[in-house]
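Encoded as structure tokens, the structure appears first; notes follow it.
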Amino acid sequence: MPDRACLTGVLFVLRSGIPWEMLPQELGCGSGMTCWRRLRDWQEAGIWQLIHFSLLDWLALSASRLDGGLKVSFARNALTRCNPSMVASTNKPFHTALSKSSDILLSR
């Protein structure tokens with residue numbers, strides 16, 4: 001499964017708050033387990049942190065273009081809350097803390 005497809009699946013789960021195993025196959029992101037494993041691998045390699053900060057920068061640029069930056073702090077706060085590296089982790093593959101953020105402001 002391509003990284004971009006897995007990233008889409010990861011962001012969908014983090015944004016919607018659904019359990020990993022309920023990731024819709026129609027999205028073309030693979031299974032929830034595939035996306036979870038890719039997220040785990042990215043976290044272990046330090047790649048998720050880079051993706052996370054890249055998304056924060058993208059949100060900051062997008063928000064500043066829309067309304068002079070008024071939404072940047074809210075968007076940054078929302079994305080920081082969904083960062084799995086900032087949530088207490090367990091060894092459970094379908095850890096619910098990774099899918100609790102339901103109000104992330106990410107859209108294409």
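Pairs, please: C-beta under 7 Å, at least 6 apart or cross-chain, first residue β-branched (V, I, T) and in segment 29-54, second surrounded by 14 or more Cβ atoms within 10 Å (Cβ to Cβ) and not in a helix (DSSP H, G or I)?
Close Cβ pairs satisfying both conditions: T34/M1.
Would you call W58 assigned to a helix (DSSP H, G or I), modelled with pLDDT of 90 or more and not polar (S, T, N, Q)?
For W58, the condition - assigned to a helix (DSSP H, G or I), modelled with pLDDT of 90 or more and not polar (S, T, N, Q) - is not met.
Tell me yes or no: at least one residue of segment 4-12 is more than 11 Å from the chain's Cα centre (by Cα) and assigned to a helix (DSSP H, G or I).
Yes.
Could you list all residues from segment 24-44 that are surrounded by 14 or more Cβ atoms within 10 Å (Cβ to Cβ) and farther than 19 Å from L55 by Cβ?
Of everything in segment 24-44, those that are surrounded by 14 or more Cβ atoms within 10 Å (Cβ to Cβ) and farther than 19 Å from L55 by Cβ turn out to be G30, S31, G32, T34, R37.
Please determine, by comparing only the residues of segment 14-28 that are in contact (Cβ under 8 Å) with a residue 12 or more places away in the chain and part of a helix (DSSP H, G or I), which one is nearest to the chain's Cα centre (by Cα).
L14
The values are calculated or read from the model by the stated rules, or taken from the named source; none is laboratory data. Computed from a predicted model, the values in this text were never measured in an experiment. FYI the Cβ positions are ideal-geometry reconstructions off the backbone, even for glycines, and counts take in every protein chain you see.
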